[in-house]
1. Checking a compactness column here: for the range 47-113, what do you get for Rg(Cα) / (2.2 N^0.38 Å), N being the number of residues?
2. Going through the range 110-182, which GluC sites (Glu not before Pro) have at most 15 other Cβ atoms within 10 Å and a DSSP loop state?
3. Can you pull out the trypsin sites (Lys or Arg not before Pro) in the range 128-199 whose DSSP state is coil and whose Cβ has at most 11 other Cβ atoms within 10 Å?
4. Multiplying the sequence separation of Glu405 and Glu194 by 0.36 nm and subtracting their Cα-Cα distance, what value in nm do you get?
5. Based on the alpha carbons, how large is the Rg to Rh ratio for the range 244-303 when Rh follows Kirkwood?
6. Hand me the chymotrypsin sites (Phe, Trp or Tyr not before Pro) from the range 217-314 located in a DSSP loop with no more than 13 other Cβ atoms within 10 Å, in residue order please.
7. Among Gln415, Ala362, Tyr397, whose Cα projects farthest towards the positive end of the dipole of the range 312-424, with charges put on the beta-carbon of Lys, Arg (+1) and Asp, Glu (-1)?
8. Quick check: pseudo-label points 7 Å beyond the Cα along Cα→Cβ at Gln7 and Ala131, how many nm apart are they?
Amino acid sequence: MDAREIQVAAAHQAAVVAATDAEWVNPRDPAKALGPDGQPAVSRRAPLWQDVPDEKWNDWRWQLSNRVNTLEEVGAVLNLTEEEQEGLSAPDKFRVDITPYFLSLIDPDDPADPIRRQVIPVGREQEAFTAMMEDSLAEDRHSPVPGLVHRYPDRVLMLVTTQCASYCRYCTRSRIVGDPTQNFNSREHEAQLEYLRRTPQVRDVLISGGDGLTLAPKLFERILRGLREIPHIEIIRIGSRVPVFLPQRIDDELCAMLEKYHPLWINLHFNHPNEITPEVSRAVDKLTRAGLPVGNQSVLLAGVNDCVHIQRSLVHKLVENRIRPYYLYQCDLVEGSGHFRTPVGKGLEIMEGLRGHTSGYAVPTYVIDAPGGGGKIPVMPNYLISYSDHKVVLRNYEGYITTYEEPETYQKHDQASCAYCQAQRPEPGQSGVLGLLEGERLWIEPAGFEQTHQRGNVEAHRLQDPSKWVPFGVGAIEGKAGAPLKVIEPGAGPGPAAEHREYGPGEEPRPREGEPTASAHGELL
């Protein structure tokens, strides 16, 4: 074989390898999902927009220009209930604007659709409730210049606009968001930057609003550049729901601009698994490839996600898309949000059903944004001072004491009609402490270990002996490893007889400090 034949063979082999690699698609990558036609998967499009050309539908400017906001327009897509008609007709309602893309995700015949409840107003929005506030987080009180909130020592919240792609009915800043007369202009952006130049302790800036990604691209880049020119600003974060409402906005041009201003982080806002569509997966993939770590902040909402199975499905879809669950917020005491509020106990129940039952990086931190301006307080023993049937008392990192009023009424999650509850995962232990108290097994018995090769010999696998694997401290398997653990009466101690107590296999206590363990006898447990 001469040199030319070798070159031809090598080229052919390289072409075969390249073709093989090109044909393979990672089946677990949601950004690569294909539809029935073999093209990139797409979400449902409402009949009203079926004839819109794809070039327009996928143009974020077209989506913004064609948002739906009136009773007649929404009614052309959804079969509205009387309460929704009342909400859309209210003269002083919080602003309504919904992108055609996001409105298309709603089941037109289901009033309980979780996306629908987040963006379609209902008459109950107008009802006042105990402890309701206009500015529940006291942001205005912590604003040294318009639009800049300096609550924490080393970081600030920078509000660059009051406009959003769509408007959440539980919005914390509904006092200003959506109101064009309250918007911030370039002069106020410069005042915000000037304050930061003169405040060297600030090292972290969170850009929010409204939603900064709705700004004209050049204006948004001007703000980023202004921040990057301040030497002591280390981290810039963007809080945005644009990738949820308007994934078309996350295009190559935007990502190329963003990656010039690293270190840059972005937190998104998904509340339900239905919001994570193929379009969203591709948008988030672009952000991560541009080098932005992506997190998520959810709000606990009655009738939307107040269910551990929904929350577990949500965090699993998030991490599948390389989004880190960051916060689970208790709903703020803001006007219009009364019907969304849940008891704090519901949030604790959800956290109990997540921690330990799924990956640690899929578990968010459950927080209450303290009424009155105390900042985000994690709901955990160090910060939860007391919890009564109507009020939760908390302290923040400064020792500031605040209270969160529990809702007077709460319609419990309907497990019987919840598809997520009916399709919960089958493995043991998912009912947590309650299941343990009722005698549920919290482990899976090893199987398929008939024999193994150890040091050249064929012998029974050590796990065939239940004493080697029955978990310590949670009882034994009936009929295999002795009786379940006895109930200890209150006040009863081990007593002197404890040294000679008979234990079933797998129930033996751990050795005292310094005593030999099984590993000392050449056996690995």
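Read-outs throughout are calculated quantities, based only on the coordinates presented, and are distinct from any laboratory measurement. Predicted, not measured: the structure shown is a model, and the values here were computed from it. Every residue, glycine as well, gets a Cβ built from its backbone with ideal geometry; the counts of neighbours run over all protein chains shown.
1. Normalised Cα radius of gyration, the range 47-113: 1.16.
2. For GluC sites (Glu not before Pro) across the range 110-182 that sit outside H, G, I, E and B with at most 15 neighbouring Cβ atoms in 10 Å, the list reads Glu127, Glu134.
3. Values: sites: Arg141, Arg151, Arg155, Arg169, Arg173, Arg175, Arg187, Arg197, Arg198; in loops: Arg169, Arg173, Arg175, Arg198.
Within the range 128-199, the qualifying trypsin sites (Lys or Arg not before Pro) (loop, at most 11 other Cβ atoms within 10 Å) are Arg198.
4. Working: separation 211, 0.36 × 211 = 75.96 nm, distance 3.82 nm.
My answer for the length gained is 72.1 nm.
5. Values: Rg = 12.4 Å, Rh = 12.3 Å.
Rg/Rh: 1.01.
6. When the chymotrypsin sites (Phe, Trp or Tyr not before Pro) of the range 217-314 are filtered for loop state and at most 13 Cβ neighbours within 10 Å, nothing remains.
7. Value computed over the given set: Ala362.
8. 7.9 nm
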